[in-house]
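Input: a single structure, listed below in structure tokens.
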There are 2 protein chains.
Amino acid sequence: MLDRFLSPRRARQIQRLLRNGKLTLFCLLLTRTEPRRVLEEATAAQGQQKSSSSTDGTENASNNYAEFDIRKIFKDEDDGTEEFKRDPSLPYSLGPKISDWDQQRAEWLKMNPNFPNFIASKKPRVLLVTGSSPKPCENPVGDHYLLKSIKNKIDYCRLHGIEIFYNMALLDAEMAGFWAKLPLIRKLLLSHPEVEFLWWMDSDAMFTDMAFEVPWERYKDHNFVMHGWNEMIYDQKNWIGLNTGSFLLRNCQWSLDILDTWAPMGPKGKVREEAGKLLTRELKDRPVFEADDQSAMVYILGTQKDKWGDKVYLESGYYLHGYWGILVDRYEEMIENYHPGLGDHRWPLVTHFVGCKPCGKFGDYPVERCLKQMDRAV
Amino acid sequence: MLDRFLSPRRARQIQRLLRNGKLTLFCLLLTRTEPRRVLEEATAAQGQQKSSSSTDGTENASNNYAEFDIRKIFKDEDDGTEEFKRDPSLPYSLGPKISDWDQQRAEWLKMNPNFPNFIASKKPRVLLVTGSSPKPCENPVGDHYLLKSIKNKIDYCRLHGIEIFYNMALLDAEMAGFWAKLPLIRKLLLSHPEVEFLWWMDSDAMFTDMAFEVPWERYKDHNFVMHGWNEMIYDQKNWIGLNTGSFLLRNCQWSLDILDTWAPMGPKGKVREEAGKLLTRELKDRPVFEADDQSAMVYILGTQKDKWGDKVYLESGYYLHGYWGILVDRYEEMIENYHPGLGDHRWPLVTHFVGCKPCGKFGDYPVERCLKQMDRAV
């Protein structure tokens, strides 16, 4: 297990240390150093109930959270290292090109039989990935709803044998905002070869059917599953013909390739703005704004169906993503007439609060409606 | 799997529905109702980018989170049901007395071989339990630190094959505050017979050694593991001789019994106040305040060693709980000289920010110190 997160060199160091350390430890025990540390800890612990003066030179010694200016913490986060600036004339890349991931992964799985990619017959190992900003939300209740949201995901995943990765790091400053998921997903696929499917889920998407199991077998010949409709993508290139707030991505070369194809519209600034204009022009009903990952995927599938289409499953049989606006007012009707386990319009698997933006200053909808409905959903 | 959270009656209902529903579903598909719903969803979804007027009669239609008064949400939480009021003259109880839990549990495990209480040789199935208030914190950054804290626990538990239960419900209004964990723990033990050890961890305790694996075998003959020192409990009855912010409790009759013994000092009001006076009188160095669960446990062990002592392991070999005050200033020294995997004073498993109270209005320590150090810990 240590090998999974310590380098081989470090693991060997630890083994050597343990071997050499045994005699030293034995002598230490004999000389009874432990009671001394006990006394030190106990004395310190006894002091824990009395206010201590800070020892880290902080000027503001107030114990009052309401008065505290959180920006003092951020100011100190600059560690002095110069931020890496990519040459903007070079095309953006998520990382060094990998062309043999299927073979690398197959080898790894063979060498690590204790980490199979299927945890039961026909049940793939799934990693649910979600996250939020490393900074507090821009309003007093946003983080509370993020907390409710992760609790909701913890509950679903515990029931369904799914692991969770909660990201709070910005891996690439150029790919901020909705694009941040791309570098993260690539990194996780490569560092977790045992994972068969990565399930990305936005922080504003909640599970509303704890009983529904994703029909994994349905996707055995597909690599990318999103809620959406074929006609709306391939016929209309409608910008909301699919949703990238909740999707499944298989851990394979094909996925690395589509991530590489997806990323170039993402880098913030001129690239993202210009790409936004193209997307508004090319897609049906898209408003004017910078390029977003969802529109970019619509564009890719709509223009390169032959290349990618056969491995993409646009799922409309259940709500892998369910737009909250058409669901939340029907909850009572659903409870009256149906039951959990259906996952679809009768009892949606996921209710996705698109546009509510509870972590920001402003949302696209009245705050009270969003928060009340989120409370009902979880 | 459905049986685990649906009653047998409901599960049979679902099975009947599925059988009867197959023909109906087939006909529905033939009549192609799906495109109609697609159109409805698509139209609604297209509206999702435009502000909608609220349909739930909310008066405040502001989209501005900073202006929103969260108390409007709480006001509506009163569902009109009369709150249960226990007769205060009767002794408090966590629930109906159970005397044969070991036999019940053994039978359940036998009937459910797919849910073993050991997930690998000598590795028990563990459920880590933590939680926080269902209401937002009383200051703008508290929930953000709760979020960081649960992410920290998610990371450790994913690496160590431990499941998580995040509680945001107050199960018993009388047992509010630090006592809230008791009804929760009892309920979880009984509803999760597959769990061998329940690991309670406060929301202000963080994992600071991702590599350290708890030495489960050490506790094979014990039911209750807390960080602490025998001398400080059995000789001194020192109120901080152990810590109940992070402990392991085996799922067995003995544990139900000690929970029953532990609970009576908890009910808020006169009982808790009077118990607090007794504890201050009887324990070493305890300040004056209402009864807390930690002091109560010190008292129980200190006065009933013969009854409980042989199954209690007071662990001081590593930091199952590590008081932050004596650890955080040494992080750089630890990084310089040691490595993860030690779990003790050289690289503490858990750093517990006792007294910081990041979810409240005031803590026992300067806010800046607490928050900065919490950031360093995670």
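Taking A:S121, is it surrounded by fewer than 14 Cβ atoms within 10 Å (Cβ to Cβ) and more than 9 Å from chain B (Cβ to nearest Cβ)?
Taking the combined requirement at face value, the residue satisfies it.
Applying the selection to region A:207-239, what residues are within 16 Å of A:V312 (Cβ to Cβ), within 12 Å of chain B (Cβ to nearest Cβ) and aromatic (F, W, Y)?
The one that is within 16 Å of A:V312 (Cβ to Cβ), within 12 Å of chain B (Cβ to nearest Cβ) and aromatic (F, W, Y): A:W229.
Restricting attention to region A:295-312, does a residue exist that is modelled with pLDDT of 95 or more, crowded, with 17+ Cβ neighbours inside 10 Å and within 14 Å of chain B (Cβ to nearest Cβ)?
yes
Only strands (runs of 3 or more DSSP E) wholly contained in region B:219-319 count here; list those with 3 or more residues that are under 16 Å from B:L184 (Cα atoms).
B:242-250
Considering each of B:N152, B:N139 in turn, give the residue that is within 14 Å of chain A (Cβ to nearest Cβ), buried (at least 20 other Cβ atoms within 10 Å of the Cβ) and farther than 22 Å from B:L349 by Cβ.
Of B:N152, B:N139, the one residue that is within 14 Å of chain A (Cβ to nearest Cβ), buried (at least 20 other Cβ atoms within 10 Å of the Cβ) and farther than 22 Å from B:L349 by Cβ is B:N139.
Name the single residue, out of those in region B:322-377 being more than 25 Å from the chain's Cα centre (by Cα) and of a type in the set (S, T, Y), that is nearest to B:F178 (Cα to Cα).
Within region B:322-377, the match that is nearest to B:F178 (Cα to Cα) is B:Y331.
Do you know which residues across region A:313-372 are out of contact with any helix residue (DSSP H, G or I) (no Cβ under 6 Å at 6 or more places or on another chain), more than 7 Å from chain B (Cβ to nearest Cβ) and of a type in the set (A, V, I, L, M)?
Scanning region A:313-372 gives A:L320, A:L327, A:M334, A:I335, A:L342, A:L349, A:V350.
So B:Y219 passes all but one of these: (1) touching a Ser or Thr at 6+ places or on another chain (Cβ under 6 Å); (2) more than 27 Å from B:G177 (Cβ to Cβ). Which condition number does it fail?
(1)
Being without any contact (Cβ under 8 Å) to a residue 12 or more places away in the chain, outside any loop (DSSP other than H, G, I, E, B) and farther than 23 Å from B:C137 by Cα is the filter here, so list the residues in region B:334-378 that pass it.
Across region B:334-378, the qualifying residues are B:I335, B:E336, B:N337.
Scan region B:155-187 residue by residue and report those that are more than 9 Å from chain A (Cβ to nearest Cβ), of a type in the set (A, V, I, L, M, F, W, C) and part of a loop (DSSP other than H, G, I, E, B).
B:I162, B:A169, B:L170, B:L171, B:A176
Tell me which of these B:T81 doesn't satisfy, since it passes every other one: (1) part of a helix (DSSP H, G or I); (2) modelled with pLDDT under 80.
Looking at each condition in turn, B:T81 falls short on (1).
The values are calculated or read from the model by the stated rules, or taken from the named source; none is laboratory data. Note that the structure is a prediction, hence the values are computed from the model and not measured. Glycine also receives a Cβ, built like all others from the backbone with ideal geometry; neighbour counts cover every protein chain displayed.
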